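Comments concern the structure below.
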Ligand code: AMP
């Protein structure tokens, strides 16, 4: 059996990045640790095994690093949800407020077939603005959000409250 994941010791706080007052959660030490990475992917996927997930949507850019192996683990396809202007074909977009700034995210307009069951994956749930916009995007295109899975939840920012009645799974809470 795999040893329990000690994710906390492999997540580094970087104060005042990218702006003063933000404590950035750097997950690169966790990603670089083979055993911890494998355990984290298994734990992100675990509640959704056997739940008929068709597609895993990863949010640019650290979400891609997690969504792709989670999709492989679940036997699902993977879809990138990208920052504005990066996708080559017709897109749909949704706006969101970041913990630091405002932006919009996009997916290809045909990325989520009608009724497809979609798991959204990202590294950090902070204020929940990005995740809420990702849900709107998936559902606006035609998919059904089966759940959301995050490595880190910043509980004090109450992002979960922006995702009422959604199955939200996170591995480490601060
Ligand atoms: P939010 O929309 O506020 O939930 O912010 C979530 C998005 O911003 C995720 O894609 C994260 O990658 C990023 N993010 C927000 N806060 C942090 C943080 N403290 N450390 C690292 N990434 C963050």
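Overview of results
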| quantity | calculated |
| --- | --- |
| Unique residue being assigned to a loop (DSSP other than H, G, I, E, B) and more than 23 Å from residue 144 (Cα to Cα) when the list is 20, 25, 51 | 20 |
| Filtered residue count, the stretch 139-163, keeping only those that are more than 9 Å from the ligand (Cβ to nearest atom), under 21 Å from residue 24 (Cα atoms) and assigned to a loop (DSSP other than H, G, I, E, B) | 1 |
| Options 107, 57, 114, 67; residue that is surrounded by 18 or more Cβ atoms within 10 Å (Cβ to Cβ), touching a residue at least 24 places away in the same chain (Cβ under 8 Å) and outside any strand (DSSP E or B) | 67 |
| Hits in the stretch 88-116 (condition: over 14 Å from residue 58 (Cα atoms) and away from the ligand (no atom under 14 Å from the Cβ)) | 88, 89, 90, 91, 92, 93, 109, 110, 113, 114, 115, 116 |
| Residue 132 within 13 Å of the ligand (Cβ to nearest atom), out of contact with any strand residue (DSSP E or B) (no Cβ under 6 Å at 6 or more places or on another chain) and not in a strand (DSSP E or B) | yes |
| Cross-chain or 6+ apart pairs with Cβ under 8 Å, the stretch 21-38 first and within 13 Å of residue 9 (Cβ to Cβ), then within 16 Å of the ligand (Cβ to nearest atom) and part of a helix (DSSP H, G or I) | 27/10; 27/62; 29/10; 30/10; 30/40; 33/10; 36/10; 36/30 |
| Of residues in the stretch 41-54 being within 22 Å of residue 139 (Cα to Cα) and without any contact (Cβ under 8 Å) to a residue 60 or more places away in the chain, the one surrounded by the fewest Cβ atoms within 10 Å (Cβ to Cβ) | 50 |
| Residue within the stretch 78-92 that is closer than 25 Å to residue 162 by Cβ, surrounded by 12 or more Cβ atoms within 10 Å (Cβ to Cβ), out of contact with any helix residue (DSSP H, G or I) (no Cβ under 6 Å at 6 or more places or on another chain) and touching a residue at least 40 places away in the same chain (Cβ under 8 Å) present | no |
| Qualifying position, being over 20 Å from residue 147 (Cβ atoms) and in contact with a helix residue (DSSP H, G or I) (Cβ under 9 Å, 6 or more places away or on another chain), among 61, 9 | 9 |
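Laboratory data are not the source of any read-out in this text; all were calculated from the coordinates shown. All values derive from a computational prediction rather than experimental measurement. Note that we place each Cβ from the backbone using ideal geometry, even for glycine, and neighbour counts take in every protein chain shown.
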